[in-house]
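Below: one structure, written as structure tokens.
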Amino acid sequence: MLGCVGMITGCNGDDGGDDDGALPECIEFDATACAPLYQPTYANVFAQTLQPDCATGGGACHANPDALGAAEHGLFFTEASQTHALLLDDLGDDTFVRPGDASCGVMTVRLRTEDDLLRMPTGSMLLDTELCSVLQWIDAGANP
């Protein structure tokens with residue numbers, strides 16, 4: 001969801017603020033029409049997607065408050081409950097996760113967009129089954 005792939009590609013600092021690279025507000029997604037990689041719980045989303053793909057190793061764009069993804073967008077994945085609070089923090093149009101609505105929210109759009117400059121993880125997309133787990137968790141209410 002989310003992180004950056006490798007130091008070679010670097011972390012994407014584009015916030016979508018210009019007209020050419022603006023994030024759409026929502027994307028189309030049917031949470032009932034996909035097969036999840038793992039049970040769509042927050043514990044699994046954090047341990048199997050957010051931490052390994054976004055906060056560790058080469059995909060460390062959200063590893064700590066000083067990492068590029070955190071510095072620019074305020075989102076870092078060091079501790080599960082703190083990360084959950086950051087994901088659900090009401091930031092208006094910039095809210096990362098909108099519980100119960102897997103079609104909208106900054107994180108959903110960044111995970112689903114085909115625009116290489118806006119997509120997270122940078123450099124590659126999540127597996128469809130992994131993405132399904134994350135979006136089913138959101139659609140089910142994004143509970144901790």
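The values are calculated or read from the model by the stated rules, or taken from the named source; none is laboratory data. Predicted model, so just to flag it, every value in this text is computed and none were measured. For neighbour counting, all protein chains shown are included, and Cβ atoms are generated from backbone atoms with ideal geometry for every residue, glycine included.
The residues in segment 93-137 that are at pLDDT 90 or above and of a type in the set (Asp, Glu) can be counted, and the count is 3. Annotation: of all residues in segment 1-33 being outside any helix (DSSP H, G or I) and among the β-branched types (Val, Ile, Thr), the one that is modelled with the highest pLDDT is Ile27. Taken together, the residues in segment 83-105 that are on the phi > 0 side of the Ramachandran plot and either in a loop (DSSP other than H, G, I, E, B) or of a type in the set (Phe, Trp, Tyr) (or both) amount to 2.
Looking only at segment 74-117, which residues are more than 26 Å from Thr129 (Cα to Cα) and not acidic (Asp, Glu)? Residues satisfying the conditions are Gly74, Leu91, Gly92. Scanning segment 41-73 for residues that are modelled with pLDDT of 85 or more and closer than 19 Å to Val106 by Cβ returns Tyr42, Val45, Phe46, Thr49, Leu50. Residues being under 12 Å from the mean Cα position of the chain (by Cα), surrounded by 20 or more Cβ atoms within 10 Å (Cβ to Cβ) and not in a helix (DSSP H, G or I): count how many of those fall in segment 125-142. Number satisfying all stated conditions: 1. Of the residues making up segment 88-102, those that are under 13 Å from Ala142 (Cβ atoms) and out of contact with any Pro (no Cβ under 9 Å at 6 or more places or on another chain) are Asp89, Asp90, Thr95, Phe96, Val97, Arg98, Pro99, Gly100, Asp101, Ala102.
Does Leu118 satisfy being buried (at least 21 other Cβ atoms within 10 Å of the Cβ) and within 18 Å of Phe29 (Cβ to Cβ)? So Leu118 does not fit the description; no.
Tally up the residues in segment 70-82 that are assigned to a helix (DSSP H, G or I), of a type in the set (A, V, I, L, M, F, W, C) and under 21 Å from Glu25 (Cα atoms), please. Counting residues in segment 70-82 that are assigned to a helix (DSSP H, G or I), of a type in the set (A, V, I, L, M, F, W, C) and under 21 Å from Glu25 (Cα atoms) gives 1. You will find that of Asp90, Asp30, Asp53, Asp116, the residue that is touching a Gly at 6+ places or on another chain (Cβ under 9 Å) and free of Cβ contacts under 8 Å to residues at least 12 places away in the same chain is Asp116 and no other. Looking only at segment 89-144, residues that are β-branched (Val, Ile, Thr) and farther than 16 Å from Tyr42 by Cβ come to 6 in all. Pro36: at pLDDT 70 or above, part of a helix (DSSP H, G or I) and either within 24 Å of Leu127 (Cβ to Cβ) or not aliphatic (A, V, I, L, M) (or both), yes or no? It is false that Pro36 is at pLDDT 70 or above, part of a helix (DSSP H, G or I) and either within 24 Å of Leu127 (Cβ to Cβ) or not aliphatic (A, V, I, L, M) (or both).
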